[in-house]
Amino acid sequence: QVQLDESGGGLVQAGGSLKLSCAASGRSFGNSAMGWFRQAPGKEREFVAAISILRSTFYADSVKGRFTISRDNAKNTVYLQMNSLKPEETAVYYCAARRRVLYAQSEAEYDLWGQGNQVTVPS
């Protein structure tokens, strides 16, 4: 069965760092662009970062310079390194995959989603 398994979430103090992982199984990972999204309590899910098959990257303005998306095709895994975390970034973080070379910002462009991983940054 095709699935994305996320890990690495948790509680971190403001200004701290976390690294999320998303491992793909049952599907050719190297043929998929990958994205990270997040959904804060009471808000809609929003785009965070994405990476193409060729490893070009794109970030939401709010995370530029603090978050880094990367991928390891040999491990079928995409990562999101998050630094200088803020309380308002408390959310459930989702990874997503799309069978295209290029990334996308719209969640409608992704056809496979992980289960979500809670990141909590207390104020």
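The values are calculated or read from the model by the stated rules, or taken from the named source; none is laboratory data. Everything numeric here is computed off the predicted structure, so don't read it as measured data. Because the Cβ atoms are built from the backbone with ideal geometry, glycine has one as well, and the counts that use them run over all protein chains shown. Heavy atoms of the whole protein, side chains included, go into the accessibility calculation; ligands, DNA and RNA do not. Shrake-Rupley method; radii C 1.70, N 1.55, O 1.52, S 1.80 Å.
For the residues ALA74, ALA23, ALA50, a GNM of the chain with alpha-carbon springs under 10 Å puts the largest fluctuation on ALA74. Per-atom-type breakdown for the chain gives carbon and sulfur 47% of the accessible area (1.4 Å probe, protein chains only).
Sorting PHE47, PHE37 on solvent-accessible area from highest to lowest, probe radius 1.4 Å, gives PHE47, PHE37.
Charge tally for ALA97 (other residues, Cβ to Cβ under 13 Å; Lys, Arg +1; Asp, Glu -1): 0.
Straightening the chain between ASN31 and LYS43 buys 1.2 nm, computed as 0.36 nm per residue apart minus the Cα-Cα spacing. Between ALA60 and VAL2, the contour length at 0.36 nm per residue exceeds the Cα-Cα span by 18.1 nm.
Annotation for segment 35-84 versus segment 4-26: alpha-carbon center distance of 11 Å.
The dipole here belongs to the chain: it is taken about the Cα centre, uses +1 on the Cβ of Lys and Arg and -1 on the Cβ of Asp and Glu, and is about 320 debye.
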